[in-house]
């Protein structure tokens, strides 16, 4: 999995006024917690730098440099302003060496579905899947081959298997489906009539 570097500045637990000042300086308050981090690390990062992590479908291992101290982490969650959609606060999860990493990885649809060739419409319901794997086994994407996907059929998380990766997303989660369209129904009806 690709890594991305992010620089942060340590900050104290502070009042609302200090947080407002940070935001005026185009910085976002953050916190790092998880295995290997005894006390939560409270810091801030440049809003533009943060954009490369939160405004992308990609998943990254993040090399955090907080005032010269280095941590490996994953993006965990963010709170956004309800109107402007600006990030208000971001949580990072520390990665402990030798321990499995839990992360949401983007799905990559590959192949040309049989159902789509018959006039159906491919509908993708899930963009990311939550997995657990050792750091060195983490993929950038999870390929989902739809070549055999027929009209009216779905692929669920339970259908997928990858080496050295444990799927944490519920097995019943629908990844994608090929829906019937009027064109497909017409083609099926015409084919049925031709076979009579």
Subject >> Which listed residue, of 136, 114, is loosely packed, with under 15 Cβ neighbours inside 10 Å, outside the structural domain of residue 34 (by TED's automatic domain parsing) and at pLDDT below 95 >> reply: 136
Subject >> Subset tally (residues that are without any contact (Cβ under 8 Å) to a residue 40 or more places away in the chain and either farther than 20 Å from residue 33 by Cα or in the same structural domain as residue 164 (by TED's automatic domain parsing) (or both)) for segment 49-85 >> reply: 8
Subject >> Unmet requirement for residue 107, which otherwise passes all of (1) farther than 27 Å from residue 28 by Cβ; (2) assigned to a loop (DSSP other than H, G, I, E, B) >> reply: (2)
Original post:
Across segment 39-59, what is the number of residues that are surrounded by 20 or more Cβ atoms within 10 Å (Cβ to Cβ) and out of contact with any helix residue (DSSP H, G or I) (no Cβ under 6 Å at 6 or more places or on another chain)?
Top reply: 6
**OP:** Any chance you could count how many residues in segment 1-20 are surrounded by 12 or more Cβ atoms within 10 Å (Cβ to Cβ), out of contact with any helix residue (DSSP H, G or I) (no Cβ under 8 Å at 6 or more places or on another chain) and either assigned to a helix (DSSP H, G or I) or without any contact (Cβ under 8 Å) to a residue 40 or more places away in the chain (or both)?
**Re:** 3
Original post:
For the subset of segment 117-128 comprising residues that are touching a residue at least 60 places away in the same chain (Cβ under 8 Å) and touching a helix residue (DSSP H, G or I) at 6+ places or on another chain (Cβ under 9 Å), which member is surrounded by the fewest Cβ atoms within 10 Å (Cβ to Cβ)?
Top reply: 121
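The values are calculated or read from the model by the stated rules, or taken from the named source; none is laboratory data. Since this is a predicted model, take the numbers as computed values, not measurements. FYI the Cβ positions are ideal-geometry reconstructions off the backbone, even for glycines, and counts take in every protein chain you see.
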